[in-house]
Structures are given as structure tokens and as C-alpha cells.
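The values are calculated or read from the model by the stated rules, or taken from the named source; none is laboratory data. Every value quoted in this text rests on a predicted model; they were computed, and no experiment measured them. As a convention, Cβ positions derive from the backbone with ideal geometry for all residues, glycine included, and neighbour counts pool all protein chains shown.
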Amino acid sequence: MGNRKGKPGFRRKSVCRGTVLLALLLMASVSADNQRAEVEALRQAADRGSMMDQAVLGNLYLHGTGITQDYQQAFYWINRAAQQGGAFAQHDLGYMFHNGYGVSRDYQQAARWYHKAANQGFGPSQLGMSVMFALGQGVPQSYVRAHKWASLAAVHMDQSAGVHGVDPGQREAAIRYRDAVAVHMSREEVSEAQRLADAWQPQSPPQDR
């Protein structure tokens, strides 16, 4: 092992440590033959039960990154990783249910999976929960909770940057959304939302196998 050099592509040990963006960017930098080899190696690691490898493989299928987009395969791998507790996969599963990608659109299921990831501090899912509470999609409509989750997303979005599809600029988007929600709230409601955000504690993420 050591510092031995190999062909560019996925570094599965890094992926299992959560370096998702590196894996995805490297995917675009290799030849078609190497891409197929790396996907197969990633699939083997996912078959062995690695939560992060399952999440990355599912995300590649979901967005068609380096491989043909396939929602059925995306759901299969993302669901396996989400069931193990991976926030990245839980968010993608919520995203699929929210938009009806490969599954019937189901706001309750979207909220369920967004909430699981949001409770681990995953910024995009926290913003997703804010939107769902603001619109009453899959949850009772509540501007207080929408404001709370947008505030948390603004804090955690930068920490989620580097995951495929998460732009660092989304922190500003979360702040703008929080401020837009606040227009519909009284001062007392804003204070309650801030209190809830301050009292929030993240759940510990699961350990990958």
C-alpha cells in the first residue's frame, strides 16, 4: 500500500471516509475503459456492504455521472445506504421521492428521509425540510419550523460542500429562504424558531463498514 501510485480513479478508502466529491470528480477524469473498471470495483465494494460506496454508486446512477443514468439502480443502491443510516444517501432518497425520480412522488416519504439526514446535520436536507414545512408538503405547514431548519441549513451547508450537487453558495440560498419565510412570521414566532434552532443537537452518524 504505502505511497504506491495507481491509475487515476476512485480511491475507495477515501470514499469510505466521506470524500465523495473527490470520487465523483475523478470519475470524469478517466478514460471510458477505466470508468467501467472503477464502477465495477465500486459496485463490488458496495456489494460487500460499504455504506458510502453504496451511496456514491447510487448517486452516480441518479445523476448519470460517468455512467448511464438509471433510476432503478440509483434507488437500489441509495436505499441500501440510507437504510444503514448514511445522511448522503438519505438525502438522495428524499430527493427522489420529492421529485418522483424513479419512484412515485411521495412527500411524506421525502420528508421522512430528509428529516433523517437533517438530524445528522446534513445542510441540503435541512433546507429541504425548511421548504417542506413552509409549503406543508408531507408535514403540517409551519413557518416556525421552516425558519428553524433554514437557519440550521445556513450553518451546516458549508460543512456539506464537497458532496455532489452541493454548491458552497447554497449557504446564501438558505439564508435568503429563511428571510423569505420570516416575512410571514411575527416577532414571537421568529424568536421561537431561533430558540428551536439553538436547542437542536445533531445525531451521531453511523460508522461505515
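Flag set for D53, criterion: acidic (D, E), outside any loop (DSSP other than H, G, I, E, B) and farther than 23 Å from V155 by Cα.
Among the residues that make up the stretch 22-34, is at least one of them at pLDDT 90 or above and part of a helix (DSSP H, G or I)? No, because not a single residue in the stretch 22-34 is at pLDDT 90 or above and part of a helix (DSSP H, G or I). Whether any residue in the stretch 156-178 is in a helix (DSSP H, G or I), crowded, with 20+ Cβ neighbours inside 10 Å, modelled with pLDDT of 95 or more and of a type in the set (A, V, I, L, M) is what I want to check. Within the stretch 156-178 (the criterion being in a helix (DSSP H, G or I), crowded, with 20+ Cβ neighbours inside 10 Å, modelled with pLDDT of 95 or more and of a type in the set (A, V, I, L, M)), the answer is no, since none of the residues qualifies.
Which ones in the stretch 56-77 are touching a Phe, Trp or Tyr at 6+ places or on another chain (Cβ under 7 Å), in a loop (DSSP other than H, G, I, E, B) and farther than 15 Å from V103 by Cα? Result: I67, single match. I need every pair where a residue in the stretch 73-98 that is closer than 18 Å to S130 by Cβ and not assigned by TED's automatic domain parsing to the domain that holds M52 has its Cβ under 7 Å from the Cβ of a residue that is modelled with pLDDT of 95 or more and acidic (D, E), sequence separation at least 6 or different chains. Qualifying pairs under 7 Å: F97/D106.
A quick yes/no check of all residues on (1) within 14 Å of M96 (Cα to Cα); (2) in a loop (DSSP other than H, G, I, E, B); (3) within 10 Å of the chain's Cα centre (by Cα); (4) of a type in the set (D, E, K, R):
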site: Q108; (1), (2), (3), (4): yes, no, no, no
site: A111; (1), (2), (3), (4): yes, no, no, no
site: K116; (1), (2), (3), (4): no, no, no, yes
site: Q120; (1), (2), (3), (4): no, yes, no, no
site: S125; (1), (2), (3), (4): yes, no, yes, no
site: F133; (1), (2), (3), (4): no, no, no, no
site: P140; (1), (2), (3), (4): no, yes, no, no
site: R145; (1), (2), (3), (4): no, no, no, yes
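Looking only at residues of the stretch 179-191 that are in contact (Cβ under 8 Å) with a residue 40 or more places away in the chain and assigned to a helix (DSSP H, G or I), we find that the one that is surrounded by the most Cβ atoms within 10 Å (Cβ to Cβ) is V181.
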